[in-house]
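Note sheet for the following structure.
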Amino acid sequence: MEGFIILLVLGFLLGWALGIAGYRKARALQRRVEALELALREGKPLAEPAPRPASPWDQPQPVPAEPEPVPEPALAEAPPTPLPEPEPVAAPPPAPPRPGLEEMLTLRWGVWLGAGALLLAGVFLVRTAVEEGWLGPLPRCLLAGLLGLALIGGALWLRRRPAEDRPNLPFPDQAPAALAAGGVAILFGAAYAAGPMYGMVPPLLGFALLALAALAGILLALAFGPLVAAVGIAGAYATPALVETSDPSLPGLFLYLLAVTAAALAVLRQVGAAWLGWCAAGASAAWVMLGGGLAEGDAIWAPALYAPAAAALHVALVPRAALAGPLGRQLAILPFTLLMAASLLLALGLAPMELVPKLAVLLFSLLGLLAATWEERLIPLPFLAAGAGLAMLLGWSVPGWEPAEEAVTAGGMVQALLPIHPWLPEALRPFLGAAAALAALHALFGLWRERRGARPVAWATLPAAVPVLSLLIAYARVEGFARDGHWALAALALAAASTGLAGLAARDGAVQRAGAHAAGAMAALALGAAMLLADQWLTFAIALFLPLLAWVEGRSGLHPLRHVALAVAGLVLARLLLNPAVAGYAVGTVPVANGLLLAYGAPAALFALAAALFRRRRDDLLVGVLEAGALAFGTVLVLLEIRHGLTGGDWTGSDWGFREASLQLTALALLAVLVRWLEARLGGRRVLAAGWRLLWVAVLLLGTVMIFGNPAFDSGAEVASVPLFNELALAYAVPGALAGLSLRGLRRGLLARALALYALLAGFAWVTLETRHHFHPEEMSLDLEEVGGSELYAYSGAWLLFGAALLALGIRRRVPALRLAALGMIGLTILKAFFVDMGELEGLWRVLSFLGLGLALIALGAVYRRFVVTPAPVPPG
């Protein structure tokens, strides 16, 4: 029955395939017949049929032989030289047959699965023997070693069999490699059990056994390929996790893992299998973190020191020739980074109170510097190690300490207690010693190699950057950014040293090295200023370095200084725009000439100057950030100066009133016009173009709020009694007029339409509120003062005058939108006359209202006939 079903399925599939093939053939014939019919109808000549292919049944036709030419006497004397016969060309070897699914399942995957099963069987056999107490430690180790040797011997025997004894496989026989891989893994386990786990042999002999097992893996990998090493080394990494012991030894475990790592990298060096390096790096990092979690007491030193030792193996065992390519450099740099990250996690997360893991992080700096000295193409390693060291200092748990006190006695009585500040408190010695060691290592190596190395600028960056950053982190962690003259002296000494190095480099003609050291000197000076100064003085001191960095970058051509300047600019921007402590700055009570000029005006000027200097070489992100910063600081300075002047110096505690809002709105509109003018003069700067648009958006938002929150609805708004030139003009007339003027040359879009609508609403609000202010100069609120008849009539007149002004402007400028706005204003006045004035006004005021409206409408028609409507041309004759 099953056979019948299989045949039925096969028949269905075969019929389906034949049906598709027949359908395609019929379609092709049908298209050909249609083409022939079309050609016959159009009278086109038919194409000649293709020649029929030769058939083995065709009879060859005899060809008459040409008569041989009679040779002349002169030519008959020399017989012709016979041509050499061509050598037979060897036929190309037939392509090997592709393996089928059965061969893959049985001959490749099945063999490797069997090898893995043998390996696990051996491991679990040993584990069961340990748990049941069947054998002692010595028999277990001997049997494991014999089993490993037997598997390796079987692999060699299978490999040496004659080729004719094996079937013709589509790929090499995998059984020898699988047996060899299992044998190597078991030998590693036996060596580990005899040495570190049970301690049956001295440590030196145990290390020798591990080294012999690693050497066996290397040799067998050369004979059987990298997969043998992969399986063997994977088993070697997993063996300590599978085999339990009552008295584990972390030093022995990591000594064993170090030997396994060396074996893996030795195989990588010989066979060039990059994935062995990635596997070894990942397994080593995992064991570092696992060992940190398992360590008890003083045993933490084993995983801590294993990390830099394994990283040194990764760097040293990569062939030097391989570093010429990107893959070779990755095999040295990425495992180094991964192990360094594991070591940093061990130092800060798993064992934060231990000093040995922190010492291991410093060893990565030494290792990276030595590796870059050995091979210049590994220059990223010192910078990576410096970053890890700085991160360690930043996350160091610095203990709290208080200075000792010395009693001052007089007449046997304690009069006072004076604090004693030791030069180096004992509680801070480990932290400060680590910071000094990190700075000294990179500074000394950098100074040594910048004169001899192939990449002097990179080496010069280390003494210029690492000591300053180490000092900054140490100062922040110990003092918490409090002002301290002792730390400032250290920063000044560092600046002096960097200045001297810059002078030496300039004397040697190394301009870029001199620029790097000059940048370091400026950074140290900025740090010293931060240790002595506060508030706006500190911000000014930091911003002052931006033009200096631009000057140094221009003289030295050291383009990485632009990244330093970008970081400095970001620091100043965050300090002035995102720092709530700015509100506590003591700026004084003098209007305009106060501390705000130093806090915001000076950084704005320095940002603009630095942007101009940097733009001479390149227009990039740094220039954009500097221009945006100058614009932002200038805007904030104007707004804060207005607030400071109106509040009498108390610029943080007073409420925001109508007078202040009106002045700030006019100031924003004037700034938008000024920035747009600057953008046109400077050739279309993108940052300035975005800046004036953002300023107009701010004007629109604030202006809309003030239109709906005007003094007619707010009883607390104060407006001066001066007519026309008061807060109402600043809040509505001036920004509205500036918005209308800004429409000239502005492309149609959302911003243009918003500005036009705002200008119209602001003008209408000013006209209406000025009328209200004329009748009620003391209090304009509708809740306190009612609208009288004369005031209601005045609104109609003011609106008509405003509409007439819009109409005149629209006619003069030939802008239909203004004329339509004028008609809308007049229409609003008509609606007011019929729906409001008719019911509210009485007597003469009602007459005057409608009389004025009628005259205005008649005048409007005359104006339109005269200036707007063009008469149709009169036809001739």
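No lab work stands behind these numbers, since they all come straight from the coordinates. Model, not experiment: these values are computed from the prediction. FYI the Cβ positions are ideal-geometry reconstructions off the backbone, even for glycines, and counts take in every protein chain you see.
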*In square nanometres, what is the average projected area of the Cα convex hull of the stretch 272-389?*
6.4 nm²
*Which whole-angstrom value gives the distance between the alpha carbon centres of the stretch 692-712 and the stretch 605-623?*
32 Å
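Kindly rank 426-438, 738-750, 622-634 from highest to lowest mean number of other beta carbons found within 10 Å of each residue. Don't skip to the end; give the middle numbers.
Values: 426-438: 16.6, 738-750: 13.2, 622-634: 22.3.
By packing density, highest mean first, the sequence is 622-634, 426-438, 738-750.
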*GluC sites (Glu not before Pro) within the stretch 725-795: which are DSSP loop residues with at most 16 other Cβ atoms inside 10 Å?*
E778, E779, E785, E786
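Provide the gained length on full extension for the span E479 to W374, in nm with one decimal, where the gain is 0.36 nm per separating residue minus the Cα-Cα distance.
Values: separation 105, 0.36 × 105 = 37.80 nm, distance 3.92 nm.
The E479-W374 span can extend by a further 33.9 nm.
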*Evaluate E = 1/(1 + (r/R0)^6) for F725 and R507, where r is the Cβ-Cβ distance and R0 equals 45 Å; express this FRET efficiency to the nearest 0.05.*
0.10
_Separation of alpha-carbon centers, the stretch 525-539 and the stretch 254-284, rounded to whole Å_ = 50 Å
